[in-house]
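Each remark here refers to the structure printed beneath this line.
The values are calculated or read from the model by the stated rules, or taken from the named source; none is laboratory data. Since we're looking at a predicted model, the values are computed, not measured. Here the Cβ is made from the backbone with ideal geometry for all residues, glycine too, and neighbour counts use every protein chain on show. Just the protein is used for accessible areas: all its heavy atoms, side chains included, with ligands, DNA and RNA removed. Shrake-Rupley method; radii C 1.70, N 1.55, O 1.52, S 1.80 Å.
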Amino acid sequence: MSSTLLQNHHANTTLAAATNVLLRLGVALILLCSANLRAETLTIYHYNPESHSDRNLVLKNTFDRYFQSKYNIELQPVEQRDTFQQLVSQGNPSLFVMSDWHYQQLASSMPKLTPYLRGLNNKQDTFHKLLVGKPQASTQRMTIAVSGAEAYVASILQEMTFTLSPPPQQTRLLTVPKDIDALLAVSFGLADAALATEDSFEKLSQLYRNEYQQLQILGRSKPQKRLVVVGIDNQLSAVKFALDALEEMDQTRDGRLGLNLLGLDEWTRLSTTQRKGGQQ
Amino acid sequence: MIAVMRVLLAMFTLIVMQACTSTPTANTSNAHQPKILLVNSNRAIPRYNTAEEAFTEVLTEALENELLISINLENDERPTETLQDILNQHRFSAIYCIGAKALGSVDYIGPALPVVYSSVLNWRKFQNKPGYFGVTSEVAPAAQLAWFKHFFPSVKRIGILYSEDNQALITDANTSANSLSLTLQPELLHHKSDRKPQISRLLNQVDALWVLPDPLILDSEQHTMQLFKLAHTLRKPIFTYNSFFMGFGATLSINADLATTGRQAALLIQTLHEQGAPTSGVQFPAGSSISLNLRKVSDNNLELNIEAFSSVNELLDE
């Protein structure tokens, strides 16, 4: 009896030890796998000189909440243009969300860049920037409220068609976080004019009809292409799942919130011809 | 290794000492040019530092011949003496004060120079003072109301609790609300009244409550918490002017963007140089930073305009 008990005890001890080893191996395997998965997380970088960069945290949180549901992807907004360009030039398997204006600048020196997705809003892949002000805005000195980077603003103003005359030589920029801030700055007498998208100006008409009616369009830009998602040529297989994830954003609430933060409501895939010409 | 650590420690101590003293720092050393004096109440406070950085960036680009001298009053127990010494040593064309300590100290000395200020809660005290030009701490009430309407189009009737100090603000806000097709329901609170029944009655009559910077309504943490608790119980959203109240459970906050206030202060200095005094002694912040609590949106059964989401800077979900 005692021998049987002893044997049973011995067997139990052996079983427990084996289970323990198996458990440890299992945990190690899980840790190894998760470390491996973490290592394979694909990063999508974002930099947009068309808009202010102070919303990077909310952008990252919203995109990551969407990705976390089923994708091993993270969004990394980048504040500095130089840092972003360094990341692009490294050529690692990643995707880059950028303004078309910026993409066109980079594409001439980096022929391997390939645009895969184009942002749309109300099915439109272009937008206009407007210079908006009160009728008496054209003074000797002008303060323009803007929400984009200085180089981008200068380039837009340079190619703009003006209703009457271009802004005077002595023009100062007041950088604000959002287009609506820029438009309200004119309404409240803090700036003489605002540079804002046509969409934002229309938004003001719904938001603040009285103020909207006191403003007039002083200039209009050429059509600007909306945001583009760019990758490196020959890396499509490594980033295809991330392109799919971006393309499906409009199908979930979190995805739509992320798109909305970029001023879009969907992404559309660019065909090979469109990619080569960079146009649709 | 120990020697390296000692060198690093010495360097660190030196940097900390430089950062903590009120010793002025100038971006160039030309003693004959008129200078701008920047007085920061405490550079260690991020919101003050953000304004200083933005101001310096704009002004350094704009005024090539102008010198900028910056002083930090953090840990300075005799700020007026420090300021007086600097004012005696240099020739200034204007002063920019960030925060109440800086503005109070400069005001105490009363130099015959234009003074520009920001991040000062009691800005109303200085708004009609000759030679003083400032950027307020809160976004214009009209702009706050426009944002409320943009985020929650179904909110039509907004309650406000106020004391007699804010009567003028309520009159202005009413005009703005009318032009936005919103109805304000202001409720005057008296010092000795039992505020709980009055608050509950107001909350039952409105779609949301707008908290203003009122010294009586927000006179203690206990009263502030009581206000938020009553609103939560009745499932009424609270809209505020400062993200501080998101911690109490506010649904939406329209805050001043501090970098923009620094840029506005720099433009005010430029205007003073080029055209003399600006037309208005005080201006509202041109930039906004928006905080939104999605959990409160759902708790209060609010209909969020998805398009407005693109303007959010801080998102909470708790």
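Please tell me which of these pairs span more than 23 angstrom C-alpha to C-alpha: B:LYS149/B:LYS296; B:LYS196/B:LYS236; A:LYS178/B:LYS125; A:LYS129/A:LYS178; A:LYS112/A:LYS240? The answer is A:LYS178/B:LYS125.
If I take R0 = 35 Å and measure r between the Cβ atoms of B:ASN178 and B:THR80 in this structure, what FRET efficiency does the formula 1/(1 + (r/R0)^6) give, to the nearest 0.05? E between B:ASN178 and B:THR80, to the nearest 0.05, is 0.15. The DSSP beta bridges internal to region B:206-318 are antiparallel in roughly 40% of cases. Rounded to the nearest 20, the size of the Cβ-charge dipole of region A:50-106 about its Cα centre is 220 debye, with Lys and Arg at +1 and Asp and Glu at -1.
The calculated FRET efficiency for the pair A:SER109 and B:LEU188, based on their C-beta separation and a Förster distance of 60 Å, comes to about 0.35. Per residue, the convex hull around the alpha carbon atoms of region A:50-192 comes to 153 Å³. The apolar share of the surface of chain B, taken as the fraction of accessible area on carbon and sulfur atoms (1.4 Å probe, ligands and nucleic acids excluded), comes to 52 percent. Among the residues of region B:242-281, those with an accessible-area drop of 50 Å² or more from chain alone to full protein complex, heavy atoms and 1.4 Å probe, are B:ARG263, B:LEU267, B:GLU274. When chain B is treated as a Gaussian network with alpha carbon springs shorter than 10 Å, the biggest mean-square fluctuation among B:LEU304, B:LEU68, B:LEU103 belongs to B:LEU304.
Note on region A:129-222: with neighbouring protein chains present and a 1.4 Å probe, carbon and sulfur make up 46 percent of its accessible heavy-atom surface. Its relative contact order, with pairs defined as Cα atoms under 8 Å and 6+ residues apart, puts chain B at 18 percent. Contact-buried residues of region A:186-215, at a threshold of 20 Å² lost accessible area versus the chain by itself: A:PHE188, A:LEU190, A:LYS203, A:GLN206, A:LEU207, A:TYR208, A:ASN210 (1.4 Å probe; DNA, RNA and ligands ignored).
Across region B:114-123, coupling constants 3J(HN,Hα) worked out from phi with the 6.51/-1.76/1.60 Karplus curve, θ = phi - 60°, read x, 10, 10, 9, 8, 6, 10, 5, 8, 4 Hz, and Gly and Pro carry x.
With only Cα atoms counted, chain B has Rg and Dmax values of 22.5, 71 Å. If one takes the longest principal axis of the Cα atoms in chain B, at what angle in degrees, from 0 to 90 and to the nearest 10, does the Cα axis of helix B:221-233 lie? For B:221-233 against chain B, the angle is about 40 degrees. For region A:122-215, the equivalent ellipsoid built from the Cα gyration tensor has semi-axes of 19, 17, 12 Å, listed from largest to smallest. Just flag the trypsin sites (Lys or Arg not before Pro) in region A:88-166 sitting in loop per DSSP whose Cβ has no more than 15 other Cβ atoms within 10 Å. Filter output for region A:88-166: A:LYS112, A:LYS123.
The interface between chain A and chain B buries about 3000 Å² of solvent-accessible area in total (1.4 Å probe, ligands and nucleic acids excluded). Contact residues in region A:45-74 (at least 40 Å² less accessible area with all protein chains than alone, 1.4 Å probe): A:ARG55, A:VAL58, A:ARG65.
Ordered from highest to lowest accessible area with the whole protein assembly present and a 1.4 Å probe, B:SER41, A:SER69 read as A:SER69, B:SER41.
For region A:234-270 versus region B:244-318, the inter-centroid distance based on Cα atoms is 29 Å.
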